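In what follows, a single structure is set out as structure tokens and then discussed.
The values are calculated or read from the model by the stated rules, or taken from the named source; none is laboratory data. Not measured: the values here are computed from a predicted model. Here the Cβ positions follow ideal geometry from the backbone for every residue, glycine too, while neighbour counts run over all protein chains shown. To get the accessible areas, we keep the full protein, side chains included, count just its heavy atoms, and leave off ligands, DNA and RNA. Shrake-Rupley method; radii C 1.70, N 1.55, O 1.52, S 1.80 Å.
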Amino acid sequence: MNSEQTQTKWGQFIPLVTVFFFWGFVAASNDILIPVFKKAFDLSQAESQLVSLAFYIAYTVGALIYNGISVVMGQDIVNKLGYKNSLALGLVISALGTLLFYPAANLGSFPLMLSGLFIVALGFSLQQTVANPLAIALGPIRTGSQRLTLAGGINNFGTTIGPLVVSTAIFGSAANASSDISIESVKIPYLILGVAFIAVAIFLKLSPLPDRPALVEASADDTKSIKGSALNYPQLVLGMIAIFVYVGVEVSTASNLPAYMEKDLGFAIHDIAPYISLYWASMMIGRWTGAVEAFTDNVSTQKILRFIAPYLAFAIFLGVNAFMGHDLAPFYVYGFIILVLIVADMASKGNPARMLLIFSGIGITALLIGMLTTGMVSVYAITSVGLFCSTLWPCIFTLAVSGLGKHTSQGSSFLIMMIMGGGIISWLQGAVSEVTGIQYSYIVGIICFAYLAFYAWRVASILRSQGINFDQKISGGH
């Protein structure tokens, strides 16, 4: 492999992460739409979670459509169209979804709003199918998971500013925020978003991204991938469930937080956005911490960056909120909670199974504190879940497709399909909250983390039996 192939191709990687930003911006903005729709359409908590359900179920529908068309064509869609064309098509589909917000707002139609979100996410499904393996391909396989983590950090820059921008667009600035909710106030921000989708589609078409990269290196022993289907590999099947519950706990933790803060703690809806932003900024903080090895192989530099990266991400969160006119005083204490993340990251020693186990255990602890305390302590505990969800996607993804060989692409599509857990588990927690109250409904998230801890323990054994040892395979990697 020549020197160019052993380095991350930053000139190609940077345009790619633009789409990661949009996924985060829109997904986190849904958490602002949920209380807005709940009040405007007089919905129950469970009904309000249909926003998450419509959005995340589209990933499964999109994956099924993708596989169905590929079967009919007798050829993989992305291989037929090329990677840049497929990304551009996904962005155009998402742009079409934003157009529905205009008639939906004019008609005051909740189902039409949900349809718009569904189509936006349908486009995201195709984008995810292309962009995740492409991020891994733009450099050496050994650091592929770090590039995926870094791309996730850009995604979470979108999740950090998304709630703030959409909240300001709907309610006005923090200084002049209005408690009145007009459903028509959502149409202009989403029309602008649609224009941005089209602009990025054109940008990617003109970028140096490869159309047909080599996505999977040839295995030294091809006999390890002789099984007839990716579903014959237990690490993938258990990993599909892991992706389902991981996206579920990530999304449901944030999407139920506004109702808890409004109903139980007395917050006004327009004052909740900074805390939703903090949750998603926590994802960015964790992913920037986990991505430091994508930049350097120097161990001493990595140790320094593990402290600089999370606090730089935290500073961006504070800066954005200061720009939006929000009071920063309630957030400074969060700097101490970040130290727990740094220690946990170091304890993982670059092993994705160990990281998954440690972070899941801390996630359970955080939700227990959130359930058993009151006031701002509970809010900080719940938002800190974002820190410990932050690097779990690349951990699960890496573990689930390890050893699949020629079935890696098929396995990846099955994993993308399970993103629907974000909608189903959010709705489930909303339904549970109708019985237990919102605070105690976070037991759903604890059960999700418990499965992730089980998967971490079980998959390590499965992969060892197949001769795969991450302590050797990924030296110091995440």
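Considering the stretch 69-91, the residues that are modelled with pLDDT of 85 or more and of a type outside the set (A, V, I, L, M, F, W, C) include one that is most open to solvent (accessible area, probe 1.4 Å), namely N85.
The set of residues from the stretch 72-96 being under 30 Å from Q12 (Cα atoms) and aliphatic (A, V, I, L, M) comprises M73, I77, V78, L81, L87, A88, L89, L91, V92, I93, A95, L96. For the stretch 40-139, the helices (runs of 4 or more DSSP H) that sit wholly inside it and include 3 or more residues that are under 21 Å from the mean Cα position of the chain (by Cα) and outside the structural domain of I438 (by the TED database) are 50-73, 83-99, 110-137.
Here is a yes/no grid of residues against (1) closer than 18 Å to T168 by Cα; (2) outside any helix (DSSP H, G or I); (3) of a type in the set (S, T, Y):
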position: F267; (1), (2), (3): yes, yes, no
position: S282; (1), (2), (3): no, no, yes
position: I285; (1), (2), (3): no, no, no
position: I308; (1), (2), (3): no, no, no
position: V320; (1), (2), (3): yes, no, no
position: G325; (1), (2), (3): yes, yes, no
position: I337; (1), (2), (3): no, no, no
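If only residues of the stretch 434-459 that are assigned to a helix (DSSP H, G or I) and touching a Phe, Trp or Tyr at 6+ places or on another chain (Cβ under 8 Å) are counted, the one that is surrounded by the fewest Cβ atoms within 10 Å (Cβ to Cβ) is Q439. In the stretch 331-346, of all residues being open to solvent by 40 Å² or more (accessible area, probe 1.4 Å) and modelled with pLDDT of 90 or more, the one that is farthest from D271 (Cα to Cα) corresponds to V343. Checked against the criterion of being closer than 30 Å to F336 by Cα, small (G, A, S) and within 16 Å of the chain's Cα centre (by Cα), the stretch 422-444 contains one or more residues that satisfy it.
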